[in-house]
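Okay, structure first, notes after.
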Amino acid sequence: FFFLMIRRPPRSTPKPSSAASDVYKRQPLKFEQMSKEDKIYMAKLAEQAERYDDMVKHMKEVVGLGGDLSNDDRNLLSVAYKNWIGTRRSAWRAVSAIEQKEEAKGSKHLELLRLYKGKIENEVENICNDIADLLDKKLIPKANNDEAQVFYLKMKADYFRYFAECTTGDKNKKAGEVADEAYKKATEKVTQLPTTHAIRLGLALNYSVFLYEIKNSPQEACKLAKTTFDGAISDLEHLEDEQYKESASIMQLLRDNLTLWTSETEEEEGGAKEKEEDLQLFTSLILSLIHISEPTRPERISYAVFCLKKKKKQQ
């Protein structure tokens, strides 16, 4: 048998297209060589990946390039830091709740728990100082309009409020003073913005929360929330759809807080009076039962309870 060996001709290697050729020739991109557009893209990518420490890093690099930030860039910076500190704030609340339970049962692990809580507080403080340094040295001095200045001052105040929430003693007092000062400066400048502007409404919302929770000034908080809400409500219908949704959602929060705070204040002020009235009602009803025969007594007691429940529902 003879086998005919057929030798195939060598395959020709296809030439790369010009576009592919450019890719092959391009040098590997390094993070430090990225343009502003690339850094903003990376910040958005980090947000999608929920890597907020990376997002903060890229946005700080954008700020380091100089100049004021656009509205979208400011929002990216805000989202980065808010999520970065948000996990610490949630952790601090969770640990504080556990601490109360451990104290109640006299746990032997209280010292470890408080050590861990202190670690979280230090992280909150470091983030607060980090954004404050960025704002004071690079962003607030270069803000070229009232909207940007209010945005940055509000941001500074918010982070010192977050820090004040997690601390006590001198640190709490100092953080509260810095936050109050920044909120006041922002409030002075915000009058140049429309009453329905989202930043103006957001400032009033956060400042009123600060007044209520940190400064323990419920009357001031309610006054600010009500004044802001009343000033914006008449102008709300003139907004476009997107602006309307954003402003209306903040106004809803203002109203919800105002309703809650007002009811709590009324309960505190009228608590003693209400208790006295309830006691008098019960006393008069119970005394009247002395002259009532035994079979009818349960009905009168049920009616007394019904009256009290009805009274509370009406309030």
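Conditions (1) touching a residue at least 40 places away in the same chain (Cβ under 8 Å); (2) crowded, with 17+ Cβ neighbours inside 10 Å, marked per residue:
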position: Ala80; (1), (2): no, yes
position: Ser96; (1), (2): no, no
position: Gln100; (1), (2): no, no
position: Lys108; (1), (2): no, no
position: Gly118; (1), (2): no, no
position: Glu121; (1), (2): yes, yes
position: Val124; (1), (2): yes, yes
position: Cys128; (1), (2): yes, yes
position: Gln149; (1), (2): yes, yes
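Looking at Lys171, Lys184, which is the one that is under 30 Å from Glu264 (Cα atoms), at pLDDT 95 or above, basic (Lys, Arg) and surrounded by fewer than 21 Cβ atoms within 10 Å (Cβ to Cβ)?
Matching residue, one of Lys171, Lys184: Lys184.
Residues Ser96, Ser78: which one is closer than 19 Å to Arg200 by Cβ, among the hydroxyl-bearing types (Ser, Thr, Tyr) and in a helix (DSSP H, G or I)?
Ser78
Say we look at region 41-75 and pick out the residues that are basic (Lys, Arg) and under 21 Å from Glu123 (Cβ atoms); which of these is nearest to the chain's Cα centre (by Cα)?
If we take residues in region 41-75 being basic (Lys, Arg) and under 21 Å from Glu123 (Cβ atoms), then Arg51 is nearest to the chain's Cα centre (by Cα).
Within region 131-145, how many residues turn out to be among the aliphatic types (A, V, I, L, M) and over 10 Å from Met155 (Cβ atoms)? Break it down into steps so the answer makes sense when it comes.
Taking region 131-145 as the starting set, the residues that turn out to be among the aliphatic types (A, V, I, L, M) are 131-132, 134-135, 139-140, 143.
Remaining after also requiring over 10 Å from Met155 (Cβ atoms): 143.
Qualifying residue count, region 131-145: 1.
Starting from residues that are closer than 17 Å to Asn206 by Cβ and open to solvent by less than 60 Å² (accessible area, probe 1.4 Å), keep the ones in region 232-248 and report whichever is farthest from the chain's Cα centre (by Cα).
Among those residues, the one meeting the criterion is Ala232.
How many residues does region 231-246 contain that are modelled with pLDDT under 90, assigned to a helix (DSSP H, G or I) and not acidic (Asp, Glu)?
Total meeting the criteria: 6.
Kindly provide the set of residues from region 166-196 that are hydroxyl-bearing (Ser, Thr, Tyr) and not in a loop (DSSP other than H, G, I, E, B), ordered by number.
Within region 166-196, Tyr183, Thr187 meet the criteria.
Please specify each residue of region 213-230 satisfying the condition of being open to solvent by less than 50 Å² (accessible area, probe 1.4 Å) and either assigned to a helix (DSSP H, G or I) or among the acidic types (Asp, Glu) (or both). Reasoning before the result, please.
Going through region 213-230, the residues open to solvent by less than 50 Å² (accessible area, probe 1.4 Å) turn out to be 214, 217-218, 221-222, 224-225, 228-229.
Passing the criteria: Pro218, Ala221, Cys222, Leu224, Ala225, Thr228, Phe229.
The values are calculated or read from the model by the stated rules, or taken from the named source; none is laboratory data. All figures in this text were calculated on a predicted structure; none of them were measured in a lab. Neighbour counts run over all protein chains shown; Cβ positions are idealised from the backbone, glycine included. Side chains included, ligands, DNA and RNA excluded: accessible areas come from the protein's heavy atoms. Shrake-Rupley method; radii C 1.70, N 1.55, O 1.52, S 1.80 Å.
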